[in-house]
Every structure is written in structure tokens, then in C-alpha cells.
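Just below is one structure, and these are the notes that go with it.
The values are calculated or read from the model by the stated rules, or taken from the named source; none is laboratory data. Everything numeric here is computed off the predicted structure, so don't read it as measured data. We place every Cβ from the backbone using ideal geometry, glycine too, and count neighbours over all the protein chains shown.
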């Protein structure tokens, strides 16, 4: 039996080893925005909190995730697939911009919880309906404990990326959702891009078990099982 502590050490070591093992390469940059629900139903998008033009008095291109009062907020990024080819490896990579939301005095503080990374069919446009667009595949999740401003997170989306190209899709969307939706606070992320390598610089660990972050961690887990 392998202990939780041993697994945690293995995952952290793998994350830092693999993150620096290859040269960084960007496939394409995404455009990033945030959509919030109304106060009555947090499952349906109602209005923007951020867009690429900074039209709402907030910094442009930010993915806010969590709560704004009684509203739920989700961060989104979309990637134009036109002219791109199948990849042997593809990661969605993004940075931690702020330990808090975009609105001073309301949600400008962080929450401790879990954020789910989800894929959806994009259309190369910022739409309020992207908040609840049907999922085309779960990417993963991460705990907010241990996050720090400037940290980088990567998730393996090779299968999702290649499937979208094979389907003839023109756009791939990635959505960050607080799951379960927290009571107060938010986190904000930016600099979303698709990369050929894992660039993770921090492994957040939620309460209980270590987080299996990105495809590299899955590989590490399989390796541990083979040796057991």
C-alpha cells in the first residue's frame, strides 16, 4: 500500500521535473473573458464581468472564477483552430493573476475550494451563453490551496484538441468553474494559451488527497502502480 504522503511527494516531484524538461512552445494564444450569472439562478449566464476590450471597468482578458455576492462567476477562454494541425501534445496553460476577484470590496479576496476545468465548443466570440454551453469533455480540476500570484498551471488537452480538429471545429473553448460553487470570494487567471509542454510551476493540494494535476501526474501515478 502506497501512502498518501508518498504519492504527494511523487506528484510534486514529477510536476517540477516534467515542467522544465522541454522547451516552452506556444501553439496559439486564447482570448479570455468572464461571465456571471444572475442572482436567482447560478447555472445560467447573465452578464459579463470581463472581456478582451476591458469594457466593464475591469482589466481586459481576465478569467474570474467564484462568487460575486449571490452571483456565480466563470472564467472562459477560446482558441481559434483555423490553420492548426493535430498535435502530439497540447496543454491549456494559464497564470494566476490575483488571489481574489475583480471587484474591490465585494469579492477581492480568495476562496479555498476546487476549480473544474472543462471544454466546450467555441465560436471565436465572447458570448454570455458560453457560461452554460454543453461540455465536450472534462479536462481536470485543481484545488486553490497553495496557489500564488504568478503561478502557472497546465492541463493536458491533447485528446480534446485533436478531436476538435478532426470534427472540423473552428474554435475550442475552455471554462473554469468553481465546483462546488463557493459561498464567498474568487480567483482570477489570465494569459491563457495552448502549449506543447506542461509549464506547471505550482501544484495546489486540496484537503485530503493530493491533486492529480495534468496528464504528467497521471503518468506518474501509473508508474507508481507498476512498481507497487
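Can you pull out every residue in segment 71-97 that is more than 25 Å from residue 40 (Cβ to Cβ), over 14 Å from the mean Cα position of the chain (by Cα) and not in a loop (DSSP other than H, G, I, E, B)?
Of everything in segment 71-97, just one residue is more than 25 Å from residue 40 (Cβ to Cβ), over 14 Å from the mean Cα position of the chain (by Cα) and not in a loop (DSSP other than H, G, I, E, B), namely 80.
For residue 53, all conditions in the list (1) out of contact with any strand residue (DSSP E or B) (no Cβ under 9 Å at 6 or more places or on another chain); (2) farther than 20 Å from residue 173 by Cβ; (3) free of Cβ contacts under 8 Å to residues at least 60 places away in the same chain hold save one; what is the number of the exception?
(2)
Please determine, by comparing only the residues of segment 119-138 that are assigned to a strand (DSSP E or B) and farther than 18 Å from residue 84 by Cβ, which one is farthest from the chain's Cα centre (by Cα).
Step one: list which residues in segment 119-138 are assigned to a strand (DSSP E or B), which gives 119-121, 135-138.
Narrowing the set further to residues that are farther than 18 Å from residue 84 by Cβ leaves 135, 138.
Values: 135: 14, 138: 11 Å.
If we take residues in segment 119-138 being assigned to a strand (DSSP E or B) and farther than 18 Å from residue 84 by Cβ, then 135 is farthest from the chain's Cα centre (by Cα).
Kindly indicate which of 105, 100 is at positive phi and crowded, with 16+ Cβ neighbours inside 10 Å. Can you show your working first?
Working: 105 fails: crowded, with 16+ Cβ neighbours inside 10 Å.
None of the other options fit; the residue is 100.
Could you run through segment 139-186 and say how many residues are assigned to a helix (DSSP H, G or I), buried (at least 20 other Cβ atoms within 10 Å of the Cβ) and touching a helix residue (DSSP H, G or I) at 6+ places or on another chain (Cβ under 9 Å)?
0
Go through segment 65-94 and report how many residues are crowded, with 17+ Cβ neighbours inside 10 Å and more than 20 Å from residue 121 (Cα to Cα).
Result for segment 65-94: 5.
Has segment 192-208 got any residue that is more than 23 Å from residue 27 (Cβ to Cβ) and either modelled with pLDDT of 95 or more or assigned to a strand (DSSP E or B) (or both)?
The answer is no, given that none of the residues of segment 192-208 is more than 23 Å from residue 27 (Cβ to Cβ) and either modelled with pLDDT of 95 or more or assigned to a strand (DSSP E or B) (or both).
Taking the options 137, 150, name whichever one is closer than 27 Å to residue 69 by Cα, in contact with a strand residue (DSSP E or B) (Cβ under 9 Å, 6 or more places away or on another chain) and at pLDDT 95 or above.
Result: 150 is the single residue among 137, 150 that is closer than 27 Å to residue 69 by Cα, in contact with a strand residue (DSSP E or B) (Cβ under 9 Å, 6 or more places away or on another chain) and at pLDDT 95 or above.
Which one of these is within 15 Å of residue 111 (Cβ to Cβ) and under 13 Å from the mean Cα position of the chain (by Cα): 157, 177?
Testing whether each residue is within 15 Å of residue 111 (Cβ to Cβ) and under 13 Å from the mean Cα position of the chain (by Cα) leaves just 177.
Does residue 66 count as in contact (Cβ under 8 Å) with a residue 60 or more places away in the chain and over 15 Å from the mean Cα position of the chain (by Cα)?
When the stated conditions are applied, residue 66 does not pass them.
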